[in-house]
Amino acid sequence: MAHITLVLPFALPLPEFAPDLIRAMNTPALALLLSRTSSATRTRTAEHTHALPHETWLARALGLGAAGGVDVAVAAMRGFALEPDGGNWYIVSPGHIQIARTHLTMADTRQVPLADDDSRALFATAAELCESIGHALRYGDAQTWFLRADDWTGFETATPDTVVNMDLTDFMPKGQPALAYRRLQNEVQMAWHAHPVNAARETRRLPIVNAFWVWGAGRTAPAPTQPLASVAVPGWLGALGDQRFDTLDRLADLLSTDRTLVVGPLAEAAQAADWGVWLQVMGQLEQTLFAPLLAAVKAGRVSKLTLVLSSREGLLETTTSALAQRKFWRSPTLDALK
């Protein structure tokens, strides 16, 4: 019998939308998992944190961060079979910064598709500029690069998902290295401005890649204490685990041993506040995730199921088991999502 921890980012709707969304949801299995529990804890997030609640929870669970930070760079590098060779490393996320009427915002990287060939071409240009000032740049995947900057200490940065669609003024990297970062950012932006990759993207009406975001500093990474699998998550997060999938087709295999499972397809819709699509994804997860999990708990194949559901504003952690599911006097409800 396995103990499964399911982390579901953006499964909690924002409070102002929660009552209407809950009424529209058709997820009876999820309602049972959330209603017949042995424990439930709700926490709120402080303003202007540097990571989202599920990111902080995962970082702490993996021993990769505390106090609102996520020091995941080295662990993610090893997930891409890159050896850090010591030093202070950051994750670099290429992206698109847009000018709103009064401020700058950064687009969700999920909505800035970047093919591997295009990413490698932009990476080569950026790597030359980085290396000219003594900073190595390594390639993980199309949206996950790594920068070595041993002298960039005391650098306060935020995760990309934290800053999506927010006023960047509140989240710009701070600390002694901030000036050096801005200089490097400006040089790369100028080199990318006329880059053939961006010229071709404009022709195809795709967002140009006009900036990069540096975050997640790390020097060491502890050995994982439990297997971590992920489905439909950003590359850096998938690299922290031992298994990564695009779909839930192999869910039965993942429930055979103790593990943490991160399932991320709700993120794009929630970040865009597209609640119609969010409801559709929830309906799909009812069939592919919640119903199979409920069946596994009731049958005893999963001895304990911990659910970690989050929004930008907080996190809900519950546990259930076969014994808890026998609490027939607890009517199934989704009120815990409010």
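Label point 7 Å out from Arg44 along Cα-to-Cβ: which residues of region 297-338 have amide N under 12 Å?
313-315
What nm distance separates the two modelled labels at Ser256 and Glu313, each placed 7 Å from Cα along Cα→Cβ?
4.3
For region 236-305, what is the largest minus smallest coordinate of the Cα atoms on each principal axis, given in angstrom and ordered from greatest to least?
37, 28, 19
When the Karplus curve 6.51 cos²θ - 1.76 cosθ + 1.60 is applied with θ = phi - 60°, which whole-Hz ³J(HN,Hα) does each residue of region 14-22 get, with x for Gly and Pro?
4, x, 5, 9, 4, x, 5, 5, 4
Which aspartates and glutamates does Lys174 reach when only Cα atoms under 17 Å apart count, and residues fewer than 8 places away in its own chain are ignored?
Glu47, Asp71, Asp150, Asp151, Glu156
Peptides 227-237, 198-208: what's the order by average Cβ count within 10 Å, highest mean first?
Working: 227-237: 21.3, 198-208: 13.4.
Most protected by this proxy first, the peptides run 227-237, 198-208.
Calculate, for Ala24 and Leu206, the FRET efficiency according to 1/(1 + (r/R0)^6) with r their C-beta to C-beta distance and R0 22 Å; round to the nearest 0.05.
According to the calculation, E is roughly 0.10.
About the Cα centre of region 128-238, what is the dipole size in debye to 20, counting +1 per Lys and Arg Cβ and -1 per Asp and Glu Cβ, all else neutral?
Working: 9 positive and 11 negative charges, 37 e Å.
Its charge dipole is roughly 180 debye.
Let me see the P(r) profile for the chain: every Cα-Cα distance counted, bins of 20 Å, each bin given as a percent of all pairs.
Computed distribution, short to long bins: 30, 55, 14, 0.
Which order do the peptides 166-179, 254-267 take when ranked by the mean count of other beta-carbon atoms within 10 Å per residue, highest first? Show your work: numbers first, answer last.
Working: 166-179: 14.5, 254-267: 19.6.
Packing order, densest peptide first, comes out as 254-267, 166-179.
With the radius of gyration and the Kirkwood radius both derived from the Cα set of region 270-320, what is their ratio Rg to Rh?
Numbers: Rg = 13.3 Å, Rh = 12.6 Å.
Using Cα coordinates only, the ratio equals 1.06.
At a 10 angstrom cut-off on C-beta neighbours, averaged per residue, how do the peptides 300-313, 320-333 rank from highest to lowest? Can you show the working numbers first?
On the way: 300-313: 19.5, 320-333: 14.4.
Top of the packing list down: 300-313, 320-333.
Straight-line reach from Lys298: which lysines have Cα under 26 Å away, leaving out those fewer than 8 places along the same chain?
Cross-link targets: Lys327, Lys338.
Under a point-charge model restricted to the Cβ atoms of Lys and Arg (+1) and Asp and Glu (-1), what is the dipole moment magnitude of region 64-218 relative to its Cα centre, in debye to the nearest 20? Intermediate values should be presented prior to the final figure.
On the way: 12 positive and 18 negative charges, 79 e Å.
With Lys and Arg at +1 and Asp and Glu at -1, about 380 debye.
Quick one, what does Rg over Rh come out to for region 64-218 if you take C-alpha atoms and the Kirkwood Rh?
Numbers: Rg = 14.8 Å, Rh = 15.8 Å.
Ratio of gyration radius to Kirkwood radius: 0.94.
Neighbouring Cβ atoms within 10 Å as the yardstick, rank Leu64, Leu129 fewest first.
On the way: Leu64 23, Leu129 16.
So the residues, fewest neighbours to most, are Leu129, Leu64.
Subtracting the Cα-Cα distance from 0.36 nm times the residue separation, let me have the gained length for Asp117 to Met166 in nm, one decimal. Write out the running numbers ahead of the final one.
Values: separation 49, 0.36 × 49 = 17.64 nm, distance 2.95 nm.
Using 0.36 nm per residue and subtracting the Cα-Cα distance, I get 14.7 nm.
Since every read-out is calculated from the coordinates, none of them should be taken as a lab result. Just so it is clear, the structure is predicted and the values come from calculations on it, not from any experiment. Using ideal geometry, Cβ is built from the backbone for each residue, glycine included, and neighbour counts are taken over all protein chains shown.
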